[in-house]
Amino acid sequence: MRAEFQERLIALLGERVRFAVPLARYTSFRVGGPAEVFAEPDTVEELRALVAFLRQEAVSYFLLGGGTNILISDKGVCGAVIKLGEGFDYSRWEETGDTAQVRIGAARPLGRFVREAIGKGYGGVEFAEGIPGSAGGGLLMNAGAFGGELSRVVVSISGIYADGILVRLPGGELGFAYRRTALPPGLIVVEIEFCLRRERSDLLMAAMLEAQRKRQRTQPHGHPNAGSIFKNPPGAYAGVLIEAAGLKGLCRGRARVSERHANFIVNLGGASASDVKALMGQIQQVVWEKDGVWLEPEVRLVGEW
Ligand SMILES: Cc1cc2nc3c(=O)[nH]c(=O)nc-3n(C[C@H](O)[C@H](O)[C@H](O)COP(=O)(O)OP(=O)(O)OC[C@H]3O[C@@H](n4cnc5c(N)ncnc54)[C@H](O)[C@@H]3O)c2cc1C
């Protein structure tokens, strides 16, 4: 990477830009190679200047949230990885009567927002108790659980295009579907606006505890993972198909299909991204041969493969 390019980035972001940064520690899977550039802008102005500069230099970028739904390749990511800094971790509440309009910075941990809402007596996001990652990543993935999903409470988002233009898009234009949105390519979400309704605190607490109990009962603990590896195909559960195919416990290198929940792959320690990817491919093949269903990854594959 050209020294002049690096110097100009440092002039823009100071110590909030680094080079050749290993990404494994920024992901819940704990695998993945380095990012050529790792930038953590703290304000909208910094972010706009950064994307404008990258565009001018024809350098691609990937937006990293909490890293809980991605598999980064062992070779890492060419170009820049942008992780929104602390300046994007906030919540602003406007409470009127029985509803609250809340604006959340995209870097705010989703779980913190959920507990804040429950603490204030507002419902609509209690299903998301226990979903790790950032509000921005949750929005992008239309995160959901136990019959709820974020799309139902999103009013609008603010985001930045690759040319640095800041836009506000209403929720109805985000193309929400099962575990995805159809946002314009390259759009970086900086803020999400939610509408929540007042509810009885005891019911909210009960829903939150129930969500915690279900996760405790069904999901693996103790080994790094990225949640559900595959989306549920229409009318079926990926985990049930994988278990019925006898794949629980199957290993590739240090990656294993969880014994506890067949739709989780766990890193036993030292797994490579290629181990995980190979295991995913093997699962897809076996389930296809047995049931004629091609499982679609929920986890996003990132970087050079
Ligand atoms: C133990 C465990 C349990 C889980 N349970 C659930 C569950 O019940 N339900 C569920 O839906 N998911 C679940 N997940 C998956 C994951 O937590 C969610 O998908 C989460 O919302 C991803 O958020 P993130 O910030 O980690 O996104 P990342 O993994 O960092 O990124 C995901 C995608 O969003 C994009 N992105 C992130 N932030 C932005 C932004 N600001 N602007 C534009 N693009 C952005 C990234 O580029 C990437 O394409 C689980 C994961 C784990 C590890």
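Values in this text are rule-based calculations from the coordinates and carry no lab data. The structure presented is a predicted model; accordingly, all values stated were derived computationally and were not measured. We place every Cβ from the backbone using ideal geometry, glycine too, and count neighbours over all the protein chains shown.
For GLU116, are the conditions met, namely being buried (at least 22 other Cβ atoms within 10 Å of the Cβ) and either over 30 Å from PRO22 (Cα atoms) or over 19 Å from the mean Cα position of the chain (by Cα) (or both)? Working first, answer last.
Working: buried (at least 22 other Cβ atoms within 10 Å of the Cβ): no; either over 30 Å from PRO22 (Cα atoms) or over 19 Å from the mean Cα position of the chain (by Cα) (or both): yes.
So GLU116 fails the test.
Considering ARG25, ARG30, which residue is closer than 22 Å to ASP275 by Cβ and surrounded by fewer than 16 Cβ atoms within 10 Å (Cβ to Cβ)?
Just a single option satisfies the conditions, and that option is ARG25.
Give the number of residues within the range 249-283 that are buried (at least 17 other Cβ atoms within 10 Å of the Cβ) and over 16 Å from ALA226 (Cβ atoms).
1
Out of the residues in the range 146-158 meeting the condition of being of a type in the set (S, T, N, Q) and farther than 29 Å from HIS221 by Cα, tell me which one is nearest to the ligand (Cβ to nearest atom). I'd like the intermediate steps shown before the answer.
First, pick out the residues of the range 146-158 that are of a type in the set (S, T, N, Q): 151, 156, 158.
After this cut, where a residue has to be farther than 29 Å from HIS221 by Cα as well, the list is 156, 158.
Details: SER156: 14, SER158: 10 Å.
Restricting to residues being of a type in the set (S, T, N, Q) and farther than 29 Å from HIS221 by Cα, the top hit is SER158.
Out of the residues in the range 159-175 that are in a loop (DSSP other than H, G, I, E, B), within 14 Å of the ligand (Cβ to nearest atom) and among the aliphatic types (A, V, I, L, M), which is farthest from GLU45 (Cα to Cα)?
Initially, the range 159-175 is screened for residues in a loop (DSSP other than H, G, I, E, B), giving 161-165, 174-175.
Then keep just the ones that are within 14 Å of the ligand (Cβ to nearest atom); that gives 161-162, 174-175.
Still in the running and among the aliphatic types (A, V, I, L, M): 162, 174.
On the way: ALA162: 13, LEU174: 24 Å.
Filtering the range 159-175 for residues that are in a loop (DSSP other than H, G, I, E, B), within 14 Å of the ligand (Cβ to nearest atom) and among the aliphatic types (A, V, I, L, M), the one farthest from GLU45 (Cα to Cα) comes out as LEU174.
Just checking: which of the helices (runs of 4 or more DSSP H) contained wholly in the range 196-305 hold 1 or more residues that are among the charged types (D, E, K, R) and either touching a residue at least 24 places away in the same chain (Cβ under 8 Å) or within 16 Å of the ligand (Cβ to nearest atom) (or both)?
Working: elements: 201-218, 238-244, 273-291.
Qualifying helices (runs of 4 or more DSSP H): 201-218, 273-291.
Determine, yes or no, whether PRO234 is under 29 Å from GLY124 (Cβ atoms), surrounded by fewer than 18 Cβ atoms within 10 Å (Cβ to Cβ) and in contact with a Lys or Arg (Cβ under 7 Å, 6 or more places away or on another chain).
Working: under 29 Å from GLY124 (Cβ atoms): yes; surrounded by fewer than 18 Cβ atoms within 10 Å (Cβ to Cβ): yes; in contact with a Lys or Arg (Cβ under 7 Å, 6 or more places away or on another chain): no.
So PRO234 does not fit the description; no.
Would you mention how many residues in the range 47-86 are buried (at least 17 other Cβ atoms within 10 Å of the Cβ), over 23 Å from TRP305 (Cα atoms) and within 20 Å of the chain's Cα centre (by Cα)?
Of the residues in the range 47-86, 3 are buried (at least 17 other Cβ atoms within 10 Å of the Cβ), over 23 Å from TRP305 (Cα atoms) and within 20 Å of the chain's Cα centre (by Cα).
For the range 176-195, enumerate the residues that are not in a loop (DSSP other than H, G, I, E, B) and not acidic (Asp, Glu).
Within the range 176-195, the first condition is being not in a loop (DSSP other than H, G, I, E, B), and the residues that meet it are 177, 180, 188-195.
Across the range 176-195, the qualifying residues are ALA177, ARG180, ILE188, VAL189, VAL190, ILE192, PHE194, CYS195.
Quick test for you: out of LEU250, LEU301, LEU295, LEU268, pick the one residue that is within 22 Å of ILE72 (Cα to Cα) and over 25 Å from the mean Cα position of the chain (by Cα).
Values: LEU301 fails: over 25 Å from the mean Cα position of the chain (by Cα); LEU295 fails: over 25 Å from the mean Cα position of the chain (by Cα); LEU268 fails: over 25 Å from the mean Cα position of the chain (by Cα).
When all the criteria are applied, what remains is LEU250.
Please give the number of the condition GLU191 fails out of (1) within 26 Å of ARG300 (Cα to Cα); (2) surrounded by 12 or more Cβ atoms within 10 Å (Cβ to Cβ); (3) out of contact with any Phe, Trp or Tyr (no Cβ under 9 Å at 6 or more places or on another chain).
So the condition that GLU191 fails would be (3).
Might you let me know whether the range 206-226 holds any residue that is touching a helix residue (DSSP H, G or I) at 6+ places or on another chain (Cβ under 7 Å), surrounded by 15 or more Cβ atoms within 10 Å (Cβ to Cβ) and closer than 22 Å to LEU71 by Cα?
Residues of the range 206-226 touching a helix residue (DSSP H, G or I) at 6+ places or on another chain (Cβ under 7 Å): 207-208, 211.
Then drop every residue that is not surrounded by 15 or more Cβ atoms within 10 Å (Cβ to Cβ), which leaves 207-208, 211.
In the following step, the residues that additionally are closer than 22 Å to LEU71 by Cα were identified as none.
Checked the range 206-226: no residue is touching a helix residue (DSSP H, G or I) at 6+ places or on another chain (Cβ under 7 Å), surrounded by 15 or more Cβ atoms within 10 Å (Cβ to Cβ) and closer than 22 Å to LEU71 by Cα.
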